[in-house]
Amino acid sequence: MNTLTLLRYGRGHRMWWRAQMHRVIQKILQLVSTPVPVRVRASRMPVLITMIALALGVGSNAFAQSWNDSYRWRQGSWGDNTTIDGQLADVQVLVGGGAAPLYSRAGNDRSYFQAFEGRNYAIRLRNTTGERVGVLITVDGLNVVNGERSNQSSSEPMYVLDPWESATIKGWRSSQSTIQKFVFVDEQRSYANRTDQANGDMGWIRVTTFREYRPQVWRDDQLKERAGARAPQAAPSIPELKGQDRREMSRMSPEENDNPGTGWGEKRYDPVRKVWFQPERWASDQMVLRYEYESGLRALGIFPNRRYRTWERERGEVGYAQPPRW
């Protein structure tokens, strides 16, 4: 009896075949995370072959993932996570427009990410509550709003996020309408060092969140007076790099300067408005990040994941068609 005869015989028991195929499809869908397009009315043989291929694919992917996880575990670092989940807000670091992988070390609660000399970076915030939240950000020990040394106090200028709001902090605030972009430079050329404010927090980013104390009702004259007293001051300007200094910086490599800092980058239009916000006295949460060049991370026992495009091409993984990005 050939395949054609079997298929003709099966048509006589269509309802029974459909019930059996439905059971098989349900089991397969439980194993596969994404929906699998299966035409029930098509011939049974191609459907079964497709199911077997998908099952084998799931097994091989699971094995590859298990091997990769084991390899990273032996390295002692993880780079799959890109977000720090705080009590009031989530934090991401964007390097070159993409979320930077975050690494951790046993024994501390800070997250590490890789710095790339000359690249800009930003800090993305997302309020995860239905209330306003105050966010105090320090880079290299300096408040990103006024450019002064910080002690993470509730009396310092900070950003305020509305309920469920997201915001991207791209640089030092030089005025109410402009910022100077965060850029990775060697420590000697950092903003903190060039303003004689170098401190023990070089290479550290601290994101401290505060709840609002309680809703306040103020008269217009009181609101203006208090907002003026608490208004963030523009960060002090610093001299631009001369041509010779820029050429020297371009010749520097991370191997020669293993300690990065955050520099005074290009000026960009990034307006904000002043609001009255009374934070609670004590912070609700503080999320700490550390950045280093790859050589510095390796010295700390952290091995950043590298993307080898040749090996990705060699695997030749098959997937489904995705919408074009542009």
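Annotations for the structure displayed:
- Ranked packing of 101-111, 287-297, most packed first, by mean Cβ within 10 Å: 287-297, 101-111
- Sorted by Cβ density within 10 Å, fewest first, the residues 282, 204, 264: 282, 204, 264
- Here the Debye sum runs over all C-alpha atoms of region 97-224 as equal scatterers in vacuum, and log10 of I(q)/I(0) at q = 0.13, 0.16, 0.19, 0.20 Å⁻¹ comes out as -0.63, -0.93, -1.26, -1.36.
- Evaluated at q = 0.13, 0.16, 0.21, 0.22 Å⁻¹, a Debye calculation over the C-alpha positions of region 75-166 (equal weights, vacuum) places log10 I(q)/I(0) at -0.52, -0.79, -1.23, -1.28.
- Spin-label zone in region 273-293 - amide nitrogen under 16 Å from a point set 7 Å from the Cα of residue 258 along the C-beta vector: 291-293
- For region 120-179, the Cα gyration tensor yields ellipsoid semi-axes of 19, 14, 10 Å (square root of five times each eigenvalue, largest first, whole Å).
- Once both labels are positioned 7 Å from their Cα atoms along Cα-to-Cβ, the gap between residue 275 and residue 87 label points is 2.1 nm.
Computed from the coordinates by the stated procedures, all read-outs in this text should not be read as laboratory data. These numbers were taken from a predicted model, which means no experiment stands behind them. Note that we place each Cβ from the backbone using ideal geometry, even for glycine, and neighbour counts take in every protein chain shown.
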